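Working notes for the structure below.
Computed from the coordinates by the stated procedures, all read-outs in this text should not be read as laboratory data. Worth saying up front: this structure is predicted, and the values here are computed from it rather than measured. We place every Cβ from the backbone using ideal geometry, glycine too, and count neighbours over all the protein chains shown.
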Amino acid sequence: MNAARFFWGLVLVGLGAIFLAANLGWVDWGFALSLLQLWPLILVMIGIRLLLGQRAPTLAIVLMVLVLATGVAIAAVGYNTSGWHGWNTAKTTTIEGPATQGFTRAHATIDIGAATVEVTGQETGSMVQGTYRSRSEPHIQQTTTATPAGSPPGAYSLVVSQANAGWWAIPFGSAREELKLHLAPTIPWTLDVQTGAVDATFDLTDVMLEALTLKAGASSVDLTVGPRIVPGAKVTIDGGAAAFQLRLPRQLDITLSTSTGVSSVDVDKGFNTTSDDTYVHSGGGEDLRVDIKTGVSSVEVQLY
């Protein structure tokens with residue numbers, strides 16, 4: 001058997017096993033993704049192969065194994081050390097919004113790469129409070145709009161994104177990158193979220209939701225919608241999440257639609273099935289529409 005082919009085959013099998021274990025929840029997705037930061041070692045091992053492969057193939061394989069093992073060890077130590085994440089130091093940025101007085105609606109846009117995302121409703125006296133721990137410099141923009149002209153601010157807008165994150169930020173991020181936001185619970189919110197999050201939690205129990213659009217490549221999404229919604233509120237999920245758990249208030253009138261890309265759907269018995277991919281619950285309250293689109297491998301919907 002060719003030793004080099006055996007080595008590269010073993011590497012592929014090992015990577016596949018790690019990502020499978022992460023997908024099944026046996027290994028932290030953050031650590032699995034952090035291994036992708038070792039891609040420059042491929043160049044090192046190719047160089048060793050070119051230099052020694054013909055003259056000393058056994059020595060070449062031994063050196064390649066040592067290089068790979070050292071890289072994995074460094075990644076493991078870096079991931080488990082609080083002050084060091086990959087090859088960059090993560091920094092925490094505080095997010096503080098204006099006072100809630102005078103605002104009648106709010107909009108938040110979140111566009112980040114791989115990170116743990118947590119969004120909740122909490123009365124803090126501000127439109128938003130939170131922190132963003134990231135290895136790249138974040139872009140945080142807050143604007144207010146007077147409605148009508150000359151009156152106190154009526155609309156509030158928040159944008160959180162990675163200003164200096166290039167193509168490497170999404171696949172090479174780790175769970176150590178973390179965004180936490182607390183939204184003012186008494187203001188109607190429209191949320192637009194696009195993230196490659198490893199784990200995303202949206203506990204909107206205390207948030208007055210008008211609309212939520214979520215595009216996520218997350219391995220896990222946990223979403224709870226509160227009972228106080230704007231009439232006709234809509235939740236749209238469009239992403240490649242491996243597991244999606246949704247909790248909805250029993251007192252609302254809910255229409256739930258899922259696309260054919262969803263491979264497994266477990267819907268609360270309180271719903272009535274109107275077609276293969278549409279479920280309806282009559283709770284006597286405001287109307288809520290939930291559309292779950294492509295790529296989600298499993299969905300669990302509960303009424304509370």
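General remarks:
- Near V235, the amide H atoms lying under 5 Å from its own belong to L212, R289, V290, D291; only residues 5 or more places off or on other chains count, and H is placed 1.01 Å from N.
- Near the amide H of E177, within less than 5 Å, lie the amide hydrogens of T116, all on another chain or at least 5 residues away, with H placed in the peptide plane.
- For T201, the residues whose amide H sits under 5 Å from its own are V117, E118, V119, D222, ignoring neighbours fewer than 5 places away on the same chain, with H placed 1.01 Å from N.
- Straight-line cross-link reach from K269 at under 25 Å between alpha-carbon atoms covers these lysines, not counting any fewer than eight positions away in the same chain: K234, K293.
- Three-way shape call for the stretch 91-303 based on the alpha-carbon gyration tensor, with the a/c threshold at 1.5: oblate
- Label point distance in nm, L59-T109, each placed 7 Å from Cα along Cα→Cβ: 5.8 nm
- The label-point distance for T273 and E123, in a model that sets each label 7 Å from Cα toward Cβ, rounds to 4.3 nm.
- Between H139 and D287, the modelled label-to-label distance comes to 3.6 nm, taking each label 7 Å out from Cα in the direction of the beta carbon.
- Shape summary of the stretch 213-304, radius of gyration then Dmax from alpha carbon positions: 12.1, 34 Å.
- Net charge of Cβ neighbours under 14 Å - reference V11; Lys, Arg +1; Asp, Glu -1: +2
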